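Novice: One structure, pasted below without further comment.
The values are calculated or read from the model by the stated rules, or taken from the named source; none is laboratory data. Model, not experiment: these values are computed from the prediction. Counting neighbours? That spans all protein chains shown, and the Cβs are built from the backbone with ideal geometry, glycine included. Heavy atoms of the whole protein, side chains included, go into the accessibility calculation; ligands, DNA and RNA do not. Shrake-Rupley method; radii C 1.70, N 1.55, O 1.52, S 1.80 Å.
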Amino acid sequence: MADRYQKIIQDYDKQIKRYEVEKAEIKTVAEKLAKSKEDAQIRAGNFGYALIFLQISIMLCSVSALTKKKAPFLYRSGAVAGWGVLF
């Protein structure tokens with residue numbers, strides 16, 4: 001009877017050790033993901049600016065297509081698109 005309980009205790013000890021190893025692995029992965037999230041949040045503002053510049057560029061191209069003065073709007077559109085790409 002005592003041998004049976006001893007074996008059960010040993011099995012539980014093995015499971016506890018396995019869970020501790022898994023817990024450590026999960027913690028390292030979670031820390032990497034948290035760092036990645038922080039980096040993405042820092043870059044999110046620049047993506048917002050890029051989106052705004054590219055939308056303005058599209059609007060200027062549309063105005064260029066509708067007006068008789070295509071060159072000034074087209075060149076401005078290219079410049080604004082360049083700023084958008086830089087961001």
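Novice: If you take the residues of the range 67-87 that are part of a loop (DSSP other than H, G, I, E, B) and without any contact (Cβ under 8 Å) to a residue 40 or more places away in the chain, which of them is most open to solvent (accessible area, probe 1.4 Å)?
Specialist: Going through the qualifying residues, I end up with 68.
Novice: While we're on this one: I need the full set of residues from the range 1-24 which are outside any helix (DSSP H, G or I) and among the β-branched types (Val, Ile, Thr), in order please.
Specialist: Those that are outside any helix (DSSP H, G or I) and among the β-branched types (Val, Ile, Thr): none in the range 1-24.
Novice: In the range 31-66, what count of residues is obtained for those that are open to solvent by 50 Å² or more (accessible area, probe 1.4 Å), of a type in the set (Val, Ile, Thr) and more than 20 Å from the chain's Cα centre (by Cα)?
Specialist: Matching residues across the range 31-66 total 2.
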